[in-house]
Amino acid sequence: MAGKLKVHVDQEKCQGHARCKSLAPELFNLDEFGNAHEIGDGSVPAGLEDKAWLAQSNCPEIAIEVVEE
Amino acid sequence: MSDPARAMPDAGPVISDHPPVTDWIHDFDHTDPRWTENPFPIWDELRAASPVVHTDRFLGCYMPTTYQAVREIANDTEHFSSRRVIVRDIRPEITATAPPITSDPPEHKPAKQLLLPPFTPDAMKKLEPRVRAICNELIDEFINDGKCDAAARYTRHIPVRAIAHMLGIAEKDGDLFIKWIHGILELGIKDDAALMSAVREMTEYFAAHLEQRKQNPTDDLISTLMKARDKDGEPLSDSHVLGSLRLLLIAGIDTTWSAIGSSLWHLAKTPADRERLVAEPELMPSAVEELLRAYSPVTMAREVIKETVISGCPIKPGNMVLLSFPAANRDPAMFPDADKVVLDRKENRHAAFGLGIHRCVGSNLARMEMMVAIEEWLKRIPDFRLDPAGQVTWSEGTVRGPRQLPLLFRKAG
């Protein structure tokens with residue numbers, strides 16, 4: 001049984017491609033410049049694990065980290 | 001001198017003929033007609049030879065051929081400058097900048113941050129109804145003909161009218177924009193006079209709009225830029241505003257025209273994908289990303305300013321770099337079945353909008369325009385194919401897309 005997931009956007013790497021917001025709007029928000037941030041503390045609600053991995057694997061800057069707690 | 005263009009102080013050769021390429025690996029040329037027609041096998045050949053290749057053409061130019069090498073260069077602003085973003089036959093003194101695309105750190109970030117807020121996905125949602133209406137107005141003009149040149153009648157007009165709408169200028173001025181951009185992005189590679197005259201006309205056009213808004217401020221993107229403050233709280237100079245306006249026009253039109261055109265071209269010649277997209281419209285978001293990957297329109301450039309090594313290849317100053325995001329996006333080491341269009345591709349870190357700090361400021365606009373243009377087309381014209389009596393032609397150089405796209409079709413229901 002996999003543990004609970006957490007997502008995190010590395011602000012040094014994010015360039016605002018907005019792919020994560022498009023694929024997983026429940027997990028990411030964009031700021032006024034269009035750069036992405038995880039919502040809250042990045043905890044991924046049950047059922048949204050696939051979206052977390054999808055966002056991670058579509059970020060051109062490899063800016064999204066997904067960790068299992 | 002009888003040729004007035006040659007009397008211009010900074011005019012280069014009016015047109016220089018390039019000899020045909022016989023050795024792509026050591027003498028590549030992205031203006032060769034074979035590259036223009038079908039670059040994909042050439043890129044595969046170059047990539048198999050080396051992660052970075054070089055040509056003596058264009059006064060010396062490298063090309064990274066792998067996704068990895070493209071990423072390394074895009075992220076390396078210490079050795080590679082963006083002050084020149086088009087690979088040309090000549091390198092005249094830089095007279096007209098277009099911040100932030102031609103900016104390096106530390107000037108880049110503040111210039112880019114001024115442009116980002118008007119182009120967020122939320123801002124694009126507000127523009128979307130107008131773009132849908134533009135698409136339908138265009139389709140109305142030819143839908144009863146059963147055929148059309150989709151590049152001339154449809155795809156070229158959508159980004160021009162959308163950006164005009166954002167800037168607060170007449171959509172009908174779009175034909176002027178198309179002429180200038182052709183002068184800069186295509187003719188300008190070999191003909192400096194054509195480039196300079198297009199830049200001059202464009203600058204004069206926008207300068208007049210700036211003057212009007214000084215008398216009567218508006219709430220469009222031009223006024224937003226005029227009201228913006230730099231990091232010291234000072235208003236931008238007119239020349240900065242004009243440079244950014246030139247950029248929005250140059251970067252926002254040919255590019256998206258090309259992306260929409262290549263998408264329709266693919267769907268016209270691939271009935272299985274077309275039928276699938278009509279039957280499963282929920283695939284549109286991933287399909288748009290995949291079409292962006294497979295037919296990325298935009299190749300950028302850098303100028304080498306310090307000696308370095310990229311993917312094991314020595315890189316020397318004095319050379320340009322042809323930064324081919326389209327070739328990176330066809331690298332099979334990064335994308336399984338890279339030469340196939342897979343509409344529901346799950347993992348797609350494509351670099352169609354660049355990588356690193358110069359990520360296209362208009363990417364959200366381009367995506368929205370592509371999505372809307374393809375959706376509206378498929379709703380009204382779900383069944384179409386290439387017209388065997390016509391010929392598809394492709395643009396040369398920096399931005400690749402169909403410039404003639406003759407289609408035959410049946411309208412919906």
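Summary of computed values
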item: Residue-count net charge about residue B:25 - beta-carbon cut-off 11 Å; Lys, Arg +1, Asp, Glu -1; result: -2
item: Percent antiparallel among DSSP beta bridges (both partners in the protein assembly as shown, rounded to 5); result: 95
item: Overall form of segment B:247-327 per C-alpha gyration tensor (a/c, 1.5; a/b vs b/c); result: prolate
item: Calculated diffusion of the protein assembly as shown, Stokes-Einstein form, Kirkwood radius summed over Cα pairs, 4 °C and 1.567 mPa s, µm²/s; result: 56
item: Charge sum, other residues only, whose C-beta stays under 11 Å from residue B:350's C-beta, Lys/Arg counted +1 and Asp/Glu -1; result: +1
item: Sequence-separation-based contact order of segment B:24-410, relative, with Cα cut under 8 Å and 6+ spacing, percent; result: 27
item: Net charge contributed by nearby residues that have their C-beta within less than 9 Å of residue A:9 (K/R +1, D/E -1); result: -2
item: Spacing of the two label points (7 Å from each Cα toward its C-beta) at residue B:410 and residue A:62, in nm; result: 5.0
item: Estimated Rh, segment B:265-413: Kirkwood, alpha-carbon pairs, angstrom; result: 17.3
item: Gyration tensor verdict on chain B (Cα atoms; rounded if a/c is under 1.5, prolate if a/b is larger than b/c, oblate otherwise); result: rounded
item: Filter on A:21/B:227; B:316/B:340; B:125/B:231; A:21/B:172; B:227/B:316 - keep pairs with C-alpha separation over 31 Å; result: B:316/B:340; A:21/B:172; B:227/B:316
item: Unsatisfied cross-links (Cα-Cα over 22 Å) in the set B:190/B:306; B:109/B:179; A:4/A:51; A:13/B:109; B:112/B:306; A:51/B:112; result: B:190/B:306; B:109/B:179; B:112/B:306; A:51/B:112
item: DSSP-assigned coil residues among GluC sites (Glu not before Pro) in segment B:276-325, each with at most 11 further Cβ atoms within 10 Å; result: B:307
item: Radius of gyration and Dmax over the Cα atoms of segment B:56-178, both given in Å; result: 19.5, 56
item: √(5λ) per eigenvalue of the Cα gyration tensor, segment A:5-68, largest first, Å; result: 17, 11, 10
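Taken together, the values in this text are just the output of simple stated rules run on the coordinates, not laboratory data. What you see is a predicted model, and the numbers here were worked out from it, not measured in a lab. Every residue, glycine among them, receives a Cβ derived from its backbone with ideal geometry; neighbour counts consider all protein chains shown.
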